[in-house]
1. Please determine whether any residue of the range 141-163 is modelled with pLDDT under 85 and in a loop (DSSP other than H, G, I, E, B).
2. Any residue at all in the range 383-390 that's more than 42 Å from the chain's Cα centre (by Cα) and over 20 Å from Asn339 (Cα atoms)?
3. Listed residues Leu409, Leu419; which is in the same structural domain as Ser454 (by TED's automatic domain parsing) and modelled with pLDDT under 85?
4. Wholly within the range 1-87, which helices (runs of 4 or more DSSP H) include no fewer than the required count, namely at least 2 residues that are touching a Gly at 6+ places or on another chain (Cβ under 6 Å) and either more than 17 Å from Ile123 (Cα to Cα) or not assigned by TED's automatic domain parsing to the domain that holds Ser121 (or both)?
5. Being among the hydroxyl-bearing types (Ser, Thr, Tyr) and surrounded by fewer than 22 Cβ atoms within 10 Å (Cβ to Cβ) is the filter here; which residues of the range 375-412 pass it?
6. Could you list all residues from the range 223-254 that are hydrophobic (A, V, I, L, M, F, W, C) and in contact with a helix residue (DSSP H, G or I) (Cβ under 6 Å, 6 or more places away or on another chain)?
Amino acid sequence: MAGETILVVDDTRDNLEFVVEYVLQPKGFVALTANNGQEGLDLVLKHNPDLILLDYNMPVLDGPGMLREMQKFNLNIPVILMTFHGSEDIAVEVFRLGVRDYIIKPFYPEEMLAVIERHLSEIRLQREKEALTDRILQANRDLKMRLQELNMLYSIGKQVTALVNMQKLLIRVLDAAVQVTRSEQGYIHIIQGQQLICRAFKPSTHESAKAQSVVCRDPLAITILKTSKPAVLSANQTLKFRPKTPTCVVYTPLVVGNRIIGLLGVERSEKTPGDQYTGHESALLSALSDYVAIAITNSRNYEARQKLKADFAANAPSRVMLPTRESGNRREITTLVLNLHSAINWGETASAQEVINTLDESITLAIQIIQQAGGTLSKVYGDGLIAIFNAPQPQPNHVRQAVGAALKLIQMTEEQARLKGRKVSYGIGISVGESVVGSIGTNEYTTYAVIGASANLAKRLGEYAAPGQILAEEAVIQHVGKTVPSRILGQLKIKGRKQPAQVYEIIGLRPTQE
């Protein structure tokens, strides 16, 4: 039994007690009793029972009279008429008034239970159908809402990967955060130097977020930033931070790697306990905070790369924008190829900004040392570069200059490691031989390139060189003679060469006698 409420209306006390004690209570039904139709009607309006057991003849208001009154209130409650044998002729009248069934007095408890169960089964099925319909409708509403949320996240994800204007993206994300969490206000705070700066703000009085650049002095935001964890707070919990305007709040950190770069937060007033934020809303905000962190990282990486390119252009004038395009010529060229080696795991442990900063500092240092030695920067690629000596201007000691630059690079990285704790070193390959050099490119962008087997050999040696190691071919050692201490490593098969190359490791540079 489901514990349904059944109203028994009968003017005979014995009948009432019999039905209640022997039929309803043993089966767990909730019983209501009335001595006449008027009392029964009052109980119907007050309790809205699931089923009515109704006597026909009663004082004050009989059974048909009670049924007529119920029709006035549009009450659709199943009614079972209790009547004596020989009164079957009244069935037509009461069925017109809404009676579902009737039972002849006297009756056994089992007979009454069978009739009750038959009609309650119909009610239960109807209620289950209505409940199922409600669940389906609610599921459709939830599905529609989730679809809107996914479309919004997808749209923002596309904007993040497209590297759109950072300030516009922050406003777009904040508007989305306020919308999907049904919030009134929102903030995006970003750490700049030693301060927390509010870069976007959605006030409750505006339909959309707006750009800002003001120092955040909200004690709640600053406290959450120190905890480094997401926070979902009720109005009562924010009271000590905002005694005048307590609100429900969700804050999620903007995290890059293991480093927090800011906060994304939303809030709304708490008018009822149901206004508090749910776990789902907190999860949505967390997803949006990841988008913000990715966007900020992408933007900073892009700016860092642009700066790096500008530094290369400023520090390596021989590499780009020659005053006039120089035609190709063939001459003896010393080629130096440098590859960066780092203890930092570029793909997993290092932040994107850390990778850019390391490459920037290391490549810039290499360019400066090569230029000081008289070299010409030919190409920068990823985590390495190619430099040439004896072009475009002749250099009588070009091999020794290249070796000197290589040794200085190794020396400088060792000093940097001791002083600054930098875990970056160079692997260097050097070769000398006849190569073709000249300007390659367009009128807007020109690279001074070296082409030939010797340059290819230097590239291969640079790839084989271990951190802190300088590898040179035999021709380099023959050019510099005893001024360059070295040790033979043996022959190395080089891709693209029929004969293996004799490889040496350069370990020093003695002063020349001039």
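The values are calculated or read from the model by the stated rules, or taken from the named source; none is laboratory data. Predicted model only: the values in this text are computed from it and were never measured. All Cβ positions, even for glycine, are placed from backbone atoms using ideal geometry, and neighbour counts span all protein chains on display.
1. Yes: one or more hits.
2. Yes: the range 383-390 contains one or more residues that are more than 42 Å from the chain's Cα centre (by Cα) and over 20 Å from Asn339 (Cα atoms).
3. Answer to the check: Leu419.
4. Because the criterion is at least 2 residues that are touching a Gly at 6+ places or on another chain (Cβ under 6 Å) and either more than 17 Å from Ile123 (Cα to Cα) or not assigned by TED's automatic domain parsing to the domain that holds Ser121 (or both), the helices (runs of 4 or more DSSP H) in the range 1-87 that meet it are 63-72.
5. Tyr381 - this is the single residue of the range 375-412 that is among the hydroxyl-bearing types (Ser, Thr, Tyr) and surrounded by fewer than 22 Cβ atoms within 10 Å (Cβ to Cβ).
6. Once the filter is applied, which keeps residues that are hydrophobic (A, V, I, L, M, F, W, C) and in contact with a helix residue (DSSP H, G or I) (Cβ under 6 Å, 6 or more places away or on another chain), the range 223-254 yields Ala231, Val232, Phe241, Cys248, Val249, Val250, Leu254.
For (1) in a loop (DSSP other than H, G, I, E, B); (2) touching a Gly at 6+ places or on another chain (Cβ under 6 Å), each residue gets a yes or a no:
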{"residue": "Ile190", "(1), (2)": "no, yes"}
{"residue": "Thr205", "(1), (2)": "yes, no"}
{"residue": "Val250", "(1), (2)": "no, no"}
{"residue": "Tyr277", "(1), (2)": "yes, no"}
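Residue by residue, here is whether (1) closer than 18 Å to His119 by Cβ; (2) surrounded by fewer than 17 Cβ atoms within 10 Å (Cβ to Cβ); (3) out of contact with any strand residue (DSSP E or B) (no Cβ under 9 Å at 6 or more places or on another chain); (4) modelled with pLDDT of 95 or more holds:
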position	(1), (2), (3), (4)
Ala2	yes, yes, yes, no
Ala31	yes, no, no, no
Val60	no, yes, yes, no
Pro64	no, no, yes, no
Arg68	no, yes, yes, no
